[in-house]
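Just below is one structure, and these are the notes that go with it.
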Amino acid sequence: MKKTSITLAVAATLLSTVGAFAQWVPERPVEFVVASGPGGGTDNFARTIQSVIAQHNLMDQSVVVLNKGAGSGAEAFLYAKANNANPHKLIFGTNNVYLLPHVAKMAYTSEDLVPVAALALDEFLIWVKADAPYADAAEFIAAAKANPGSLPVGGSQSKDTDETLVALIEQKTGAEFKYVPYNGGGEVGVQLAGGHIAANVNNPNENLGQWQAGAIKPLCVFSDQRMAESDPVHGDTGWHDIATCTEAGIDISSYQMPRTVWLPAGVSDEQLAFYVDLMQKVSETPEWQEYVANTSQTGRFLAGEELSAFIDNSETSTVEVFKAEGWTAQ
């Protein structure tokens, strides 16, 4: 699980001394390779960064966005492997970069990519219909335990971030749900609003419209602290008013998905340093802060040893869930 540590320790050193490695700059247009289809969260993440770079003239070369979302993003990571040592290919993903090889046999490993930075974290919540009889998450869990397997909980894809969280909730609480996979968070939100499932664990942005319309309500957020203050979203309730799931008695202090940027393995230290510095500059712009606020993500810039620790902890804890569910690739 510690294979990223050495590479990221190098990145940490580079981050603190980036001025010493300012010699290399891109020599031709840079491809932003997105590990999802157009319009998804990862696509919006990459295109927002593209826009910020252009607005602030942070790089002389232009940026071209290329979507390669097949195989839950594996297409983009295989593309990175095929472009070893090419510093003009930036890969945009989530935790899928390092988790996919654990649940399916892939023609790449996370060692075929070098992590550059994470710029934001997606939060996850338990959502139910607005007229559901649960006042809080504790009542929802109690209902699931009273009727094992009877409550359908929707999520995006199978054996991915959403189903992993649902499995973790089951493991921590003893509840048992019926997991129903859909093609994306948007579809999952529609299914909940329509009453076709009992709950979902969407991130804030995926369920925002349904909450604003009063069709659904949040029960708790899987974070070690409440979300940032905001204007009311529905009625007089805003994001900060949502209880954490630990407050509701669910022993999961944090469950977050990072928005990550990677390079193909084999790039030089100077090339890596250039992009670490570039992404940090992006994260400090008002346009980026606006994007984070509008998507209800947690803005947090991670690179170097801090990113290494996050990835190691995320990978270790998630693979434990995979093993308990029997999902690991043989």
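The values are calculated or read from the model by the stated rules, or taken from the named source; none is laboratory data. Quick caveat, the model's predicted, so the values are computed rather than measured. With ideal geometry, Cβ positions are generated from the backbone for all residues, glycine too; neighbour counts draw on all protein chains shown. Heads up: the accessible areas ignore ligands, DNA and RNA and are worked out on the full protein's heavy atoms, side chains in. Shrake-Rupley method; radii C 1.70, N 1.55, O 1.52, S 1.80 Å.
Data overview
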item: Residue 30 among the β-branched types (Val, Ile, Thr) and at pLDDT 95 or above; result: yes
item: Among residues of the stretch 133-163, those that are hydrophobic (A, V, I, L, M, F, W, C) and open to solvent by less than 20 Å² (accessible area, probe 1.4 Å), counted; result: 5
item: Subset of the stretch 199-239 that is open to solvent by 60 Å² or more (accessible area, probe 1.4 Å) and outside any loop (DSSP other than H, G, I, E, B) - its residue that is farthest from residue 291 (Cα to Cα); result: 234
item: The stretch 164-198, residues that are assigned to a helix (DSSP H, G or I), hydroxyl-bearing (Ser, Thr, Tyr) and open to solvent by 20 Å² or more (accessible area, probe 1.4 Å); result: 173
item: Failed item in (1) open to solvent by less than 50 Å² (accessible area, probe 1.4 Å); (2) in the same structural domain as residue 80 (by TED's automatic domain parsing), with residue 250 passing the rest; result: (2)
item: Residue 105 being in the same structural domain as residue 285 (by TED's automatic domain parsing), modelled with pLDDT under 95, over 27 Å from residue 273 (Cβ atoms) and not in a strand (DSSP E or B); result: yes
item: Meets criteria (touching a helix residue (DSSP H, G or I) at 6+ places or on another chain (Cβ under 7 Å), open to solvent by less than 10 Å² (accessible area, probe 1.4 Å), closer than 24 Å to residue 112 by Cβ and not in a helix (DSSP H, G or I)) for residue 262; result: yes
item: Hits in the stretch 131-158 - residues which are touching an Asp or Glu at 6+ places or on another chain (Cβ under 9 Å), part of a helix (DSSP H, G or I) and aliphatic (A, V, I, L, M); result: 137, 144
item: Filter result for the condition that a residue is assigned by TED's automatic domain parsing to the domain that holds residue 289 and basic (Lys, Arg), over 145, 89; result: 89
item: Residue 244 vs. criteria touching a Pro at 6+ places or on another chain (Cβ under 8 Å) and hydroxyl-bearing (Ser, Thr, Tyr); result: no
item: Subset of the stretch 52-70 (residues that are open to solvent by 50 Å² or more (accessible area, probe 1.4 Å) and in contact (Cβ under 8 Å) with a residue 12 or more places away in the chain); result: 55, 56, 60, 61, 62, 64, 66
item: Conditions (1) open to solvent by 20 Å² or more (accessible area, probe 1.4 Å); (2) assigned by TED's automatic domain parsing to the domain that holds residue 166; (3) aromatic (Phe, Trp, Tyr); number of the one not met by residue 274; result: (2)
item: Odd one out for residue 84, checked against (1) under 18 Å from residue 282 (Cα atoms); (2) open to solvent by 40 Å² or more (accessible area, probe 1.4 Å); (3) touching a residue at least 40 places away in the same chain (Cβ under 8 Å); result: (1)
item: The stretch 303-323 - residue that is more than 12 Å from residue 258 (Cβ to Cβ) and open to solvent by 70 Å² or more (accessible area, probe 1.4 Å) and, of those, farthest from the chain's Cα centre (by Cα); result: 323
